[in-house]
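Read the structure below first, then the notes.
Read the figures in this text as sums done on the coordinates, not as results from a lab. Note that the structure is predicted; figures quoted are calculated from it, not measured. We place every Cβ from the backbone using ideal geometry, glycine too, and count neighbours over all the protein chains shown.
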Amino acid sequence: MRFHTVIVGGGLSGLVAGVTLARTGKRVAIVSSGQSSLHFNGGSLELLGALPDGTAVQRPLEAAASLPEEHPYAKIGVSRLPQLAADAAKLLATVGMPMQGDVSVNHYRLTPMGVAKPAWLTMGDYVTLERPDVLPWNNVLLVNVAGFMDFPVNFVAHGLREMGATVRVEELDVEPLAARRASATEMRAANLAKSLVSGSAVSRLASAINEVAGDNDEVVLMPAVLGLDDDHAVTMLRAQVSKPLHMVATLPPAVPGARLHTTLRHYFQMLGGTYLMGDTVQRGTFEGNRLTGVHTAKLADTVLQADNYVMAGGSFLSRGLMANYERVYEPVLDLDVTAPTDRAQWTRYGVFNQQPYMSFGVSVDRQFHALKGGEPLDNVYAVGSILGGHDPVKMGDGTGVAMLTALAVAQQIIDN
Ligand SMILES: Cc1cc2nc3c(=O)[nH]c(=O)nc-3n(C[C@H](O)[C@H](O)[C@H](O)COP(=O)(O)OP(=O)(O)OC[C@H]3O[C@@H](n4cnc5c(N)ncnc54)[C@H](O)[C@@H]3O)c2cc1C
């Protein structure tokens, strides 16, 4: 099978690259093994929340100028970031995921642990704060679904109280979810969302919220257990609840991230893109420094051939990078990886300490050509969290790097 571009990995970076290329009429295939880190995403995307030394960032575009040269933003070129960030927000709006947020200044999202973290873009139905320590409300009604353990309601209430709010907590026992409660493993956010789709189920939930809402409550906050495929159920619920209503991210599997993934994938397929779900690219064949084809686990007799290849397999969690006792490696093409050979330097004692392995990644040149044997490959690019040079956990830049490197590379491929 012949394509203009084959993308290895269908997470945020692979999908953004795929949509951007497919929109220009290119024949594009994405091969994706399984779930991506979007399935952990709580409804916000981050551009840059902190510098490598831990200094908090308020104005990400300004702060990007001081990033070290190995950071993917520095490779893109800081002057290009505003346009790429605007393109990213526009792309999300086009696919049907309009976001709130201003690229020039971070806002704050509320985590399932009740902590405010810097964010760039947040889905319209989720809590956003202008400052990390001040809430826009004095009296908050925090509701949870009876038996739902993936929303640590006491942590969230504690966090809101620390920000000065009076918080009332109520538990809702709604009939559409009773069947799920029969098994603890069924009480996951994604499963609840599947039971809260129909108009009658949503109306019952709205009635249950309205029954516990008091005159003093200015706002209702609830776990994100609606809207797996689109925002229809959330919009219905908000229209029927008597107070302003916002979602707060739950522990994974995360409904908002799954919605973003599904929306991007559907849009890519609507453009004519080929999405090979549940298949894994295992190896490639080379002629000189050009990749001529890749082989997948399921298409045993078929080689996927393309003019360009984009490696978007993610980091260790997604198996875009792997490690054994001897080395850190990229498992499909054995691309060069930036990581010390001394294994003792991969990790640091203390689980909350900055971990060196978070900054490991495939080595690229300034155009994001992947390196192999020290040489850039002509037609192989790397994007997203397979890239090193930054620590997404400590710097809050994972989704920004995913989207902006994908856009930069897709644009480069289009221009070539
Ligand atoms: C646990 C966790 C929570 C996070 N939470 C947030 C958050 O709340 N907010 C935020 O802004 N950012 C968050 N991030 C960071 C952000 O989600 C990621 O940086 C970003 O989504 C990375 O996208 P990606 O497409 O590069 O990689 P991934 O999302 O990892 O996707 C890679 C995909 O490639 C597939 N793949 C890998 N190898 C192959 C192969 N050989 N063949 C076919 N497919 C393959 C994988 O199965 C996977 O689907 C989080 C990251 C993690 C790990």
Connecting every pair of Cα atoms under 10 Å apart in the chain and solving the GNM, the largest mean-square fluctuation among Pro132, Pro340, Pro82 falls on Pro340
Per DSSP H run of n ≥ 4, the term is -39500 (n - 2.57); total these for the chain, divide by its residue number, and report the mean residue ellipticity at 222 nm rounded to 500 deg cm²/dmol. -8000 deg cm²/dmol
Once label points are set 7 Å from the Cα along Cα→Cβ at both Ser200 and Val351, what is their separation, rounded to one decimal in nm? 4.5
So, relative contact order of the chain in percent, Cα under 8 Å, 6 or more apart, is 24
How much FRET efficiency would the formula 1/(1 + (r/R0)^6) give for His158 and Arg319, where r is the Cβ-Cβ distance and R0 is 25 Å, rounded to 0.05? 0.10
Of Ala402, Ala370, Ala201, the most mobile residue in a GNM of the chain (C-alpha springs, cutoff 10 Å) is Ala201
Which lysines does Lys394 reach when only Cα atoms under 25 Å apart count, and residues fewer than 8 places away in its own chain are ignored? Lys75, Lys117
Out of Met270, Tyr349, Asn416 - ranked by how far each Cα lies towards the positive end of the dipole of the chain, with unit charges on the beta-carbon of charged residues - the top one is Met270
Give the share of C-alpha pairs in each 5 angstrom bin for the stretch 1-93, from 0 to the last occupied bin, in whole percents, shortest bins first. 2, 11, 17, 18, 20, 17, 9, 4, 1, 0
Relative contact order for the stretch 151-238: what is it in percent, counting Cα pairs under 8 Å that are at least 6 residues apart? 29
With the label point 7 Å along the Cα-to-beta-carbon line of Thr166 and a cut-off under 20 Å to each amide N, the hits in the stretch 122-148 are 134-144
